[in-house]
Amino acid sequence: MPRGVYERILAGTYRECPTCRCMYYVPVSHKDRKNGCCSSECSNVSMGFNKEKRKTKKGFCILCGKEMNASPSKLKTFCSYDCANKHKGKTVSEKLAGKMPANINRPGKFGNVKRGYYNIGGTEYFFRSKWEANYAIYLNWLKTNKEILDWGYEKDVFMFDKIKTGTRSYRPDFKITNKNNSTEYHEVKGWVTPKSKTQIKRMRIYHPEVKLLLIDSRCYRDIADKVGKMLKFY
């Protein structure tokens, strides 16, 4: 045996285990440790529990009282997420239901639609696409010719009160007031996204009394072909 190894062995000491009272060797590197047990089993016993007890330690849900298995260091408070959510009162999704989304005024994800400010009848409006600006010109022409009483851009927001996640609101593009004082809403969509389909579907479910017309690419191009040049569409 090399001399250095032999000297390190001699530098160690023997200590009595407080649990089983047997003598065991403690190397130099472990001399300063406070735990004086010879093994992990004896250490667990000295702390008041062993592995078997730790595995079978019982706990109870504070809401429904159901018995649960848990370790003493990590005793659970609730037996399930349902009990935890009931204890909190409302989940995050339930708190969001019926409230205005924070991103209701975001500009959109399509970068080629030429959003910006447009002059319609001497008034500056910010539109999210050139198609919306041109349709506003068309509606203003109908108002001038007394075909409609008035029009407005993104005037109202409809909430889907029972929806907790996903699409929870809808803001139509145009609100039109007809000559008989009835109102209807027009949505200009060159491309109907899955979110737009969801919005239109939920409008029919949660607001069936609202009249909503979809101005798709075919309808828009038909208007543009008929009066686009005359009204000087952008």
For the residues 15, 218, what sequence is obtained by ranking on other C-beta atoms within 10 Å, fewest first? 218, 15
Hey, what do the phi angles of the stretch 200-217 turn into as Karplus ³J(HN,Hα) couplings, whole Hz, using 6.51/-1.76/1.60 and θ = phi - 60°, x for Gly and Pro? 5, 5, 6, 5, 5, 7, 8, 9, x, 7, 8, 8, 10, 10, 9, 8, 7, 5
Mind giving me the nanometre distance, one decimal, between the label points for residue 227 and residue 184, set 7 Å out from Cα along Cα→Cβ? 1.4 nm
Please list, in chain and number order, the residues 5+ apart from residue 215 or on another chain whose amide H is under 5 Å from its amide H, with Hs placed from the backbone. 187, 188, 189
Between residue 60 and residues 5 or more places away or on another chain, which pairs have amide H atoms under 5 Å apart, with H built 1.01 Å from N, and which residues are they? 68
Final fewest-first order of 234, 138 on the 10 Å Cβ neighbour count is 234, 138
What residues have an amide H closer than 5 Å to that of residue 120, excluding those fewer than 5 places away on the same chain, when H is modeled at 1.01 Å from N in the peptide plane? 125
Anything over 28 Å Cα to Cα? Flag those among 146/229; 164/197; 114/164; 179/229; 155/195; 114/162, in the order listed. 114/164; 114/162
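Just so you know, all these numbers are worked out from the coordinates, no wet-lab data involved. What you see is a predicted model, and the numbers here were worked out from it, not measured in a lab. Positions of Cβ are backbone-derived with ideal geometry, glycine not excepted, and every protein chain shown enters the neighbour counts.
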